[in-house]
Amino acid sequence: MATSSRSRAGTKGVPRAVREQQILAAATEEFGRHGYEATSLAAVATRVGVTKALLHQYFGSKENLYLACLTPVGDQLLDAIRAAMGQGEITAPRTPLLVLHALFTALEGRREAWFVLYDPSLPADTEPARRAAHYRTAIDRLAATGSAGVLRAAGSADPLDADALKYAWRGMVTALVRWWINHPDQSPDAMAERCARLFAATRAALTAG
């Protein structure tokens, strides 16, 4: 059945709150896929079916639109990680898997949002760069705490080990999310189960012999 003109995104009769969510969803995907520098308000407007002037009316500028996308993403990811780490002792062997499952769950439906936060194209000394750095630093602190706890449980107290693991963790999560985007049929549960298998196989390979 054809979609009526009133039900299309960006047509007259769409409540402002609904339209704003449509814009934010499209902008999050555009920023996540193409980066801040390569994303234009015109491209976002075209995806939603509204005018560029309407985006300016709602958000004022590309910078403000980016911040409107970033803030809920950053807050939700931080909340998800804290909740996962609070489910038990941070030294528990399954804590990394709990955190991964929480991240996948938080990102479901907007997987590109991870790359809104981890966007290397953000202009230096701007509010988008500062706000993204704030969230990344907070996530890194949680990762550092978790890394140190996991290593202590394994008998390592070397702070450089913990620091190296923190960086490796960020890179691993980024790679997994990128793979996940390319496999849209994979649910958060399936991704967490896959990670558990990969961790177990890697551990077996490293300890073999």
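The values are calculated or read from the model by the stated rules, or taken from the named source; none is laboratory data. Everything numeric in this text was worked out from a predicted model, so none of it was measured. When we count neighbours, we look across all protein chains shown, and the Cβ atoms used for this are built from the backbone with ideal geometry, even at glycine. Each accessible area value is taken on the protein alone, full model and side chains, heavy atoms only, with ligands, DNA and RNA left out. Shrake-Rupley method; radii C 1.70, N 1.55, O 1.52, S 1.80 Å.
Data for the structure
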| read-out | value |
| --- | --- |
| Protein accessible area in the chain, 1.4 Å probe - carbon and sulfur % | 56 |
| In Hz, Karplus ³J(HN,Hα) per residue of region 117-134 (6.51, -1.76, 1.60; θ = phi - 60°; x = Gly, Pro) | 6, 9, 10, x, 8, 5, x, 5, 6, 10, 4, x, 5, 5, 5, 5, 5, 4 |
| Ranked order, Leu198, Leu98 - accessible area, probe 1.4 Å, largest first | Leu198, Leu98 |
| Reciprocal of mean inverse Cα separation for region 61-175 (Kirkwood radius, Å) | 14.9 |
| Per principal axis, descending, Cα span of the chain in whole Å | 66, 45, 27 |
| FRET efficiency, Ala196 to Glu37 (Cβ-Cβ, R0 41 Å, nearest 0.05) | 0.65 |
| Kirkwood Rh and Cα Rg combined as Rg/Rh, region 166-208 | 1.03 |
| Surface accessible to a 1.4 Å probe, Val18 within the full protein complex, Å² | 70 |
| Contact order normalised by residue count of the chain, Cα under 8 Å, 6+ apart, percent | 22 |
| Estimated [θ] at 222 nm from DSSP helical runs (n ≥ 4, -39500 (n - 2.57)) normalised by residues in the chain, nearest 500 | -24000 deg cm²/dmol |
